[in-house]
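Presented below is the structure to which this report refers.
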Amino acid sequence: MGWPLKSSSTSSSDRAVVIFSSIVLSLFTLGLFASIWNLPTPKTYRPPGLLSFHKSINLGVSGIDVSDNMGVSGIEYVDDDDDDINNSANDLDDELKLLHEEGMTIRDLGNNFGNSNLQAHKRYALSLIPQAKWPISIRDEDGDFEDVVHPGHRAKNHPDVIMAVPKMWIDDPVSIHQNKLMTRELAMKIGSCTVPDASGNFARGDSCPVDERTIYVAIASYRDYQCRDTVTSIFERAKHPDRIRVGVIDQIMDGEDIHCDAPYEPCSDNPEQMLCKYKNQLDILQVDPLLAVGPVFARHLGHRLYRGEYYYMQSDAHVTYANNWDVDIISQQEATKNEMAVLSTYLSNVEGALDEKGDSIKKGRPIMCDTGFEEGQHNKHLRHGTQPETAPSITGMPQLHPFWSAGFSFSRGHFVVNVPYDFYQPLIFQGEEISIAVRGFSIGYDFYAPEKSVCFHHYKEGSSENVAKRKKVPKFYDHNRIYAGAGIRSMSRMLAIIHMSTGLDPSKWDHTDEGKYGIGNVKFRSPEHFYEVFGIDVENKSNEGHLCDFVDTGEMHKLFTQYLRADGMGLDYSKIVYKFTDPRPGETDDDETDDAEE
């Protein structure tokens with residue numbers, strides 16, 4: 001039977017069917033050719049946790065020659081001569097353009113052919129969730145990494161610099177949240193338990209006992225001598241260290257820096273050291289510091305190490321934990337009764353926060369509410385200032401606040417799946433936090449300040465000894481010249497995605513994987529609604545002052561948390577009709593200060 005012929009009387013639906021069929025055929029042809037093109041080659045061994053260069057290349061940067069003897073982080077030069085594949089992809093693009101002219105998308109076609117069958121969509125999403133396992137490690141996947149073009153060199157149009165990196169546990173977040181509020185049933189399928197049920201299933205949802213729920217901790221470290229102390233603290237002070245797995249992006253210079261998994265003594269001499277005792281629960285992805293392009297890329301790699309744990313935690317590399325931190329933070333998380341809760345805040349200074357036994361003696365806690373627009377990377381973005389640290393006005397549970405912090409974040413594991421760090425934002429430092437907050441809000445997540453701090457930060461302040469040591473730690477921007485200008489393009493992309501850059505020509509920013517790293521489409525959770533509720537004017541790049549009067553006092557918490565959905569899947573913003581305005585216009589707080597240095 002031949003293909004149906006088009007005629008002037010053909011309906012839009014019929015044309016859509018033809019287009020869809022053509023796309024399927026094009027995809028098949030493209031896949032067949034790609035399969036032939038990528039026939040297996042002799043396996044190259046990559047040491048577990050340590051990637052190696054495939055080929056020597058010159059990056060074309062003065063004074064920098066990347067060669068095999070550097071021995072770090074999976075790099076190779078790629079000649080772009082895949083003409084046949086590119087032609088097939090262009091044909092597919094033509095089909096998609098024609099589809100767009102019909103006013104439909106591929107997802108629309110899927111909906112039509114499935115008769116809007118929600119159960120089919122649910123089954124599809126469930127089928128994409130890998131089987132939960134414990135214990136688990138990326139060392140088990142050695143040889144099954146994927147090659148990606150380094151985002152900094154990509155932004156500079158350098159010859160392709162390829163890194164071999166672990167695959168995402170779930171590659172497409174949209175396939176899971178489907179641009180609507182995730183169902184509780186689906187959420188319960190994400191998250192491993194240390195002990196399986198009678199049928200051998202490790203993904204037991206909330207039937208998994210709290211003390212058996214796994215935790216994945218992601219740490220992005222740049223040449224930081226305190227990284228190994230942070231990891232030691234995580235295992236040593238957890239009540240149930242056997243349920244914890246740590247993934248470190250260790251951006252270090254071999255021969256100069258201390259490896260994050262290097263114990264103080266040989267394990268043969270002292271096997272009880274945390275880095276020896278729990279070495280199988282520690283995954284290290286070592287990266288050459290010349291490839292470091294800021295925390296967003298490093299933390300993206302950290303997200304790639306996630307393997308379906310029940311909880312996800314993000315921490316800086318120079319942090320000390322309190323005793324029983326794991327039990328404490330989970331207890332706080334569960335006290336919200338909100339499956340979409342994310343506990344996140346700037347951390348208090350470690351000095352004076354812990355007693356000799358490692359118990360917290362801190363009475364106050366930071367809460368996120370102080371922000372303002374700042375000029376940078378040829379744009380204006382929101383940058384959070386020093387946050388108030390006071391006794392909690394809400395007790396017995398974490399307190400709702402509007403923002404998210406990169407220095408500490410604790411949530412269910414599906415937060416990583418649904419809101420992955422953007423791969424295409426090299427050289428972003430300021431701005432990453434409002435990006436994650438707005439994207440997370442648009443997908444259904446709510447942010448809380450922990451009532452009690454479970455870990456503390458080593459800032460460049462306090463004792464003269466600590467200041468001297470921290471100031472000697474190198475910074476990723478020490479070699480910014482290699483990627484000069486990349487940050488400007490990244491900032492344009494970041495602000496455009498979260499609708500904070502009004503009037504920006506769409507052709508002026510990179511739309512690659514915009515859906516994957518973009519905003520969600522949960523009703524009443526658009527970026528515009530977020531900005532309206534919290535008094536942020538993206539058009540004039542200004543915001544209402546004294547937001548902390550609304551947040552720190554607990555007024556926001558009391559007003560908003562009454563609208564938690566009955567199934568615990570986040571706050572229902574269709575019922576929250578609020579627009580913050582400055583209660584004290586013209587006044588300036590005496591205690592307003594700049595950020596504490598990291």
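Tabulated values for the structure
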read-out: Every pair of residues 6+ apart whose Cβ atoms lie under 6 Å, when the first sits in the stretch 221-235 and is assigned to a loop (DSSP other than H, G, I, E, B) while the second is β-branched (Val, Ile, Thr) and surrounded by fewer than 21 Cβ atoms within 10 Å (Cβ to Cβ); value: Asp224/Val473; Tyr225/Ile258
read-out: Subset of the stretch 370-387 that is outside any strand (DSSP E or B) and over 25 Å from Leu564 (Cβ atoms) - its residue that is least open to solvent (accessible area, probe 1.4 Å); value: Gly385
read-out: Sole residue being at pLDDT 95 or above and either over 22 Å from Leu128 (Cα atoms) or of a type in the set (A, V, I, L, M, F, W, C) (or both), chosen from Gly191, Gly255, Gly205, Gly247; value: Gly247
read-out: Extreme residue, nearest to His153 (Cα to Cα), among residues of the stretch 262-293 that are touching a strand residue (DSSP E or B) at 6+ places or on another chain (Cβ under 6 Å) and assigned to a helix (DSSP H, G or I); value: Pro289
read-out: Only one of Phe429, Phe423 that is among the aromatic types (Phe, Trp, Tyr), over 15 Å from Arg365 (Cα atoms) and under 12 Å from the mean Cα position of the chain (by Cα); value: Phe423
read-out: Condition check for Ile436: crowded, with 24+ Cβ neighbours inside 10 Å, closer than 18 Å to Gly294 by Cα, at pLDDT 95 or above and not hydroxyl-bearing (Ser, Thr, Tyr); value: yes
read-out: In the stretch 161-185, the residues that are surrounded by 17 or more Cβ atoms within 10 Å (Cβ to Cβ), touching a residue at least 60 places away in the same chain (Cβ under 8 Å) and not β-branched (Val, Ile, Thr); value: Met163, Ala164, Pro166, Met168, Trp169, Pro173, His177, Leu181, Met182
read-out: Hits in the stretch 197-220 (condition: part of a loop (DSSP other than H, G, I, E, B) and open to solvent by less than 50 Å² (accessible area, probe 1.4 Å)); value: Gly200, Phe202, Ala203, Cys208, Thr214
read-out: The stretch 123-159, subset surrounded by fewer than 18 Cβ atoms within 10 Å (Cβ to Cβ) and more than 25 Å from Gly247 (Cα to Cα), residue modelled with the highest pLDDT; value: Asn157
read-out: Any hit, the stretch 337-348, residues being open to solvent by 10 Å² or more (accessible area, probe 1.4 Å) and in contact with a Pro (Cβ under 6 Å, 6 or more places away or on another chain); value: yes
read-out: Among residues of the stretch 388-414, those that are in contact (Cβ under 8 Å) with a residue 40 or more places away in the chain, touching a Gly at 6+ places or on another chain (Cβ under 6 Å) and open to solvent by 10 Å² or more (accessible area, probe 1.4 Å), counted; value: 4
read-out: Qualifying positions in the stretch 195-218 - in contact with a strand residue (DSSP E or B) (Cβ under 8 Å, 6 or more places away or on another chain) and in contact (Cβ under 8 Å) with a residue 40 or more places away in the chain; value: Phe202, Ala203, Cys208, Arg213, Thr214, Ile215, Tyr216, Val217, Ala218
read-out: Elements of type strands (runs of 3 or more DSSP E) contained in the stretch 304-350, each with 1 or more residues being under 27 Å from Ala164 (Cα atoms) and of a type outside the set (Ser, Thr, Tyr); value: 311-315
read-out: Checking Met491 against (1) at pLDDT below 95; (2) more than 28 Å from Val416 (Cα to Cα), the condition it does not meet; value: (2)
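The values are calculated or read from the model by the stated rules, or taken from the named source; none is laboratory data. None of the values given here were measured: they were computed from a predicted structure. FYI the Cβ positions are ideal-geometry reconstructions off the backbone, even for glycines, and counts take in every protein chain you see. Side chains included, ligands, DNA and RNA excluded: accessible areas come from the protein's heavy atoms. Shrake-Rupley method; radii C 1.70, N 1.55, O 1.52, S 1.80 Å.
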